[in-house]
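The next block holds one structure in the form of structure tokens; read it before the comments.
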Amino acid sequence: MRRLMLVILMGFFSGTYAQSILTAEESVALALRSNYDILLVRNDSAAYALDYSYANYAFFPRLNGSVSKLWNTNHQKQELSDGTKRDRKGIKSNNLVSSVNLNWTLFDGLKMFATRDKLAEFKRLGDLSVRNQVVTTVATILTTYYNIVRQQQQLRAIEEQMSIDEERVKIADRKFSVGLGSKPELLQAKVDLNAQKAAQLQQQTLIVQLKEQLNQLIGQSTGKYFEVTDSIPIDLDINLGIINTNLESTNPTLLVALKNIDIANITLKERKAERWPTISFNSAYNFSNSNNQAVINTFTPLFNQNNGYNFGFSASVPIFNGFNARRLIKQAELDIQYQQLFFENQRSLINTGISNAFKDYQYQKRALVLEEENIQLAKENVAIALERFRQGVSTNLELREAQISLQDAYNRLIAARYNTKLAEIELLRLKGDIVR
């Protein structure tokens, strides 16, 4: 009964502290919800969308109301031409004035329409900026995720070397015990084992640091433990022609640059519209009320009230403003040229990036095939060298050289897998298809 309870408790605690497996897809899904860079860009996009939702109100009239109340206490003193004098202190009065004013711009050179279109383009720019940030962030997350997988593969390679070194220590110790081996040989085996243990500690620390970095990228709290998959899946059938097809409609950086060109063209329309007259309809309703407690002038009313409305049209014609309109138009034209040059530069950079990434992708694929073969040869070589060392027909140096060859083969193989994945991620990022 006690043994049964012990097994149950051990199972409970092992399940409690077991680390869950976090896949690359899950890490991307978490980032889309919680990554700070994505959330910040989405906030900017929401601001553009909010501005656009009010865009049509630019065609509406402006209606403003005002009201004021004033209390006066005056000392009035008058001396008339017939010699009459009037002097009175503490005369109190109050005035109430209110109005409602309407101003409706009927024509402004079509600037209102250009501004509405510009807000619509800003809304689309916000959406494209979010997409651009998502693509960049997902590429960073996948790079970090598979770097963790890579470093864990490197850790397993170190632990495999440790097992070989532990066997070397045992064999060297037995040989030294029976007088068939030397102490330097035993000491060197122990030194090599300790070096692998130090490398293991360093590798474990690096993995923990990378996991914390991934936690930050996906918006999770630090110190949250998880495990990653143990392999790096690679798409070996990427076609350069497909990557280059319709690049201007899929790459988010180019889409953002094109949208900035559209916005610059609309800005030019706004600046040109400022050369035209502005015609407005104006109307107002006014109300005023005056109360005087007392007056010393018989022509001054004790109570006075006025109310009524008016309407009319006004036109503002730009005649001369120090050539400011011309300056603004020139600046808008220069901005269009800048945005076009920026687009061409980005397209050139992306084409170069795709070309280099694809060349690297092809090279890493060939290197991967070669290193897959080399690792088998290196493993077989170490197994033979270890058995020969166990039988006493080879030296410690020969086994150590075989170990170093195996370690180098692992390093090249793991690097080839990771670098091939990096080239794949970069190609998909440049295409804009990394998130579908």
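May I ask you to verify whether residue 231 is closer than 16 Å to residue 434 by Cβ and among the small types (Gly, Ala, Ser)? If you could, list the steps in order and put the result at the bottom.
Working: closer than 16 Å to residue 434 by Cβ: no; among the small types (Gly, Ala, Ser): yes.
Considered against the rule, which asks whether it is closer than 16 Å to residue 434 by Cβ and among the small types (Gly, Ala, Ser), residue 231 comes out as no.
Table: residues versus (1) outside any helix (DSSP H, G or I); (2) modelled with pLDDT of 95 or more; (3) in contact with a Pro (Cβ under 7 Å, 6 or more places away or on another chain).
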residue	(1), (2), (3)
78	yes, no, no
94	yes, no, no
147	no, yes, no
150	no, yes, no
157	no, no, no
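Does the range 171-188 hold any residues that are hydrophobic (A, V, I, L, M, F, W, C) and in contact (Cβ under 8 Å) with a residue 24 or more places away in the chain, and which are they?
Filtering the range 171-188 for residues hydrophobic (A, V, I, L, M, F, W, C) gives 171-172, 176, 178, 180, 186-187.
Within the range 171-188, 171, 172, 180 qualify.
From the residues in the range 66-121 that are of a type in the set (Val, Ile, Thr) and surrounded by fewer than 13 Cβ atoms within 10 Å (Cβ to Cβ), which one is nearest to residue 53 (Cα to Cα)? I'd like the intermediate steps shown before the answer.
Kept after step one, since they are of a type in the set (Val, Ile, Thr), are these residues of the range 66-121: 67, 73, 84, 91, 97, 100, 105, 115.
Checking which are surrounded by fewer than 13 Cβ atoms within 10 Å (Cβ to Cβ) leaves us with 67, 73, 84.
Numbers: 67: 31, 73: 51, 84: 69 Å.
The qualifying residue nearest to residue 53 (Cα to Cα) is 67.
Return the only residue of 287, 311 being exposed (fewer than 15 other Cβ atoms within 10 Å of the Cβ) and either in contact (Cβ under 8 Å) with a residue 60 or more places away in the chain or not assigned by TED's automatic domain parsing to the domain that holds residue 246 (or both). Working first, answer last.
Working: 287 fails: exposed (fewer than 15 other Cβ atoms within 10 Å of the Cβ).
Exactly one of 287, 311 is exposed (fewer than 15 other Cβ atoms within 10 Å of the Cβ) and either in contact (Cβ under 8 Å) with a residue 60 or more places away in the chain or not assigned by TED's automatic domain parsing to the domain that holds residue 246 (or both), namely 311.
Mind checking whether some residue in the range 255-272 is surrounded by 15 or more Cβ atoms within 10 Å (Cβ to Cβ), in a loop (DSSP other than H, G, I, E, B) and either of a type outside the set (D, E, K, R) or at pLDDT below 95 (or both)? First the steps, then the outcome.
Filtering the range 255-272 down to residues surrounded by 15 or more Cβ atoms within 10 Å (Cβ to Cβ) leaves 255-272.
Restricting the remaining residues to those that are in a loop (DSSP other than H, G, I, E, B) gives none.
Looking for residues that are surrounded by 15 or more Cβ atoms within 10 Å (Cβ to Cβ), in a loop (DSSP other than H, G, I, E, B) and either of a type outside the set (D, E, K, R) or at pLDDT below 95 (or both), one finds none in the range 255-272, hence no.
Per-residue answers, yes or no, for (1) in contact (Cβ under 8 Å) with a residue 60 or more places away in the chain; (2) in a strand (DSSP E or B); (3) out of contact with any strand residue (DSSP E or B) (no Cβ under 9 Å at 6 or more places or on another chain); (4) of a type in the set (A, V, I, L, M, F, W, C):
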residue: 81; (1), (2), (3), (4): no, no, yes, no
residue: 88; (1), (2), (3), (4): yes, yes, no, no
residue: 118; (1), (2), (3), (4): yes, no, yes, no
residue: 125; (1), (2), (3), (4): yes, no, yes, yes
residue: 128; (1), (2), (3), (4): yes, no, yes, yes
residue: 141; (1), (2), (3), (4): yes, no, yes, yes
residue: 163; (1), (2), (3), (4): no, no, yes, no
residue: 169; (1), (2), (3), (4): no, no, yes, yes
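Every residue, every condition in (1) more than 30 Å from the chain's Cα centre (by Cα); (2) modelled with pLDDT of 90 or more, yes or no:
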{"position": "15", "(1), (2)": "yes, no"}
{"position": "19", "(1), (2)": "no, no"}
{"position": "28", "(1), (2)": "no, yes"}
{"position": "49", "(1), (2)": "no, yes"}
{"position": "64", "(1), (2)": "yes, yes"}
{"position": "73", "(1), (2)": "yes, no"}
{"position": "83", "(1), (2)": "yes, no"}
{"position": "86", "(1), (2)": "yes, no"}
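Return yes or no: is residue 360 under 30 Å from residue 107 (Cβ atoms), modelled with pLDDT of 90 or more and not small (Gly, Ala, Ser)? Outline the logic, then answer.
Details: under 30 Å from residue 107 (Cβ atoms): no; modelled with pLDDT of 90 or more: yes; not small (Gly, Ala, Ser): yes.
Considered against the rule, which asks whether it is under 30 Å from residue 107 (Cβ atoms), modelled with pLDDT of 90 or more and not small (Gly, Ala, Ser), residue 360 comes out as no.
Quick check on this structure: which one of 346, 376, 339, 331 is under 30 Å from residue 158 (Cβ atoms), of a type in the set (S, T, N, Q) and either part of a helix (DSSP H, G or I) or in contact with a His (Cβ under 9 Å, 6 or more places away or on another chain) (or both)?
On the way: 346 fails: under 30 Å from residue 158 (Cβ atoms); 339 fails: under 30 Å from residue 158 (Cβ atoms); 331 fails: under 30 Å from residue 158 (Cβ atoms).
Among 346, 376, 339, 331, only 376 is under 30 Å from residue 158 (Cβ atoms), of a type in the set (S, T, N, Q) and either part of a helix (DSSP H, G or I) or in contact with a His (Cβ under 9 Å, 6 or more places away or on another chain) (or both).
Do the conditions hold for residue 429, that is, is it surrounded by 20 or more Cβ atoms within 10 Å (Cβ to Cβ) and part of a helix (DSSP H, G or I)? Quick ask: steps written out before the conclusion?
Working: surrounded by 20 or more Cβ atoms within 10 Å (Cβ to Cβ): yes; part of a helix (DSSP H, G or I): yes.
In short, yes.
For the range 339-369, give me each residue that is of a type outside the set (S, T, N, Q) and without any contact (Cβ under 8 Å) to a residue 40 or more places away in the chain. Working first, answer last.
At the first step, the residues of the range 339-369 found to be of a type outside the set (S, T, N, Q) are 341-344, 347, 349-350, 353-354, 357-361, 363, 365-369.
Answer for the range 339-369, where residues must be of a type outside the set (S, T, N, Q) and without any contact (Cβ under 8 Å) to a residue 40 or more places away in the chain: 341, 344, 349, 359, 363, 366, 369.
Could you check residue 71 against (1) outside any strand (DSSP E or B); (2) outside the structural domain of residue 131 (by TED's automatic domain parsing); (3) among the aromatic types (Phe, Trp, Tyr) and say which number it fails?
Only one criterion in (1) outside any strand (DSSP E or B); (2) outside the structural domain of residue 131 (by TED's automatic domain parsing); (3) among the aromatic types (Phe, Trp, Tyr) is unmet by residue 71, namely (1).
I'm trying to understand the selection: among the residues of the range 213-224, which are at negative phi, touching a helix residue (DSSP H, G or I) at 6+ places or on another chain (Cβ under 8 Å) and of a type outside the set (Lys, Arg)?
Our first condition is that a residue be at negative phi; within the range 213-224, this holds for 213-218, 220-222, 224.
From the residues that got through so far, the ones that are touching a helix residue (DSSP H, G or I) at 6+ places or on another chain (Cβ under 8 Å) too are 213-214, 217-218, 220-222, 224.
Once the filter is applied, which keeps residues that are at negative phi, touching a helix residue (DSSP H, G or I) at 6+ places or on another chain (Cβ under 8 Å) and of a type outside the set (Lys, Arg), the range 213-224 yields 213, 214, 217, 218, 220, 221, 222.
Would you point out the residue of the range 342-397, among those that are small (Gly, Ala, Ser) and buried (at least 16 other Cβ atoms within 10 Å of the Cβ), that is farthest from residue 263 (Cα to Cα)?
Pass one, the range 342-397, residues small (Gly, Ala, Ser): 348, 353, 355, 357, 367, 378, 383, 385, 392, 394.
Applying the additional criterion that residues be buried (at least 16 other Cβ atoms within 10 Å of the Cβ) yields 357, 367, 378, 385, 394.
On the way: 357: 32, 367: 47, 378: 61, 385: 70, 394: 76 Å.
Only one residue fits best here, namely 394.
Among (1) surrounded by 13 or more Cβ atoms within 10 Å (Cβ to Cβ); (2) out of contact with any helix residue (DSSP H, G or I) (no Cβ under 8 Å at 6 or more places or on another chain), there is one condition residue 325 misses while meeting the rest; what is its number?
Looking at each condition in turn, residue 325 falls short on (2).
The values are calculated or read from the model by the stated rules, or taken from the named source; none is laboratory data. As the structure is a computational prediction, the values presented were derived from the model and not from experiment. Reconstructed Cβ throughout: ideal geometry from the backbone, glycine too, with neighbour counts over all protein chains shown.
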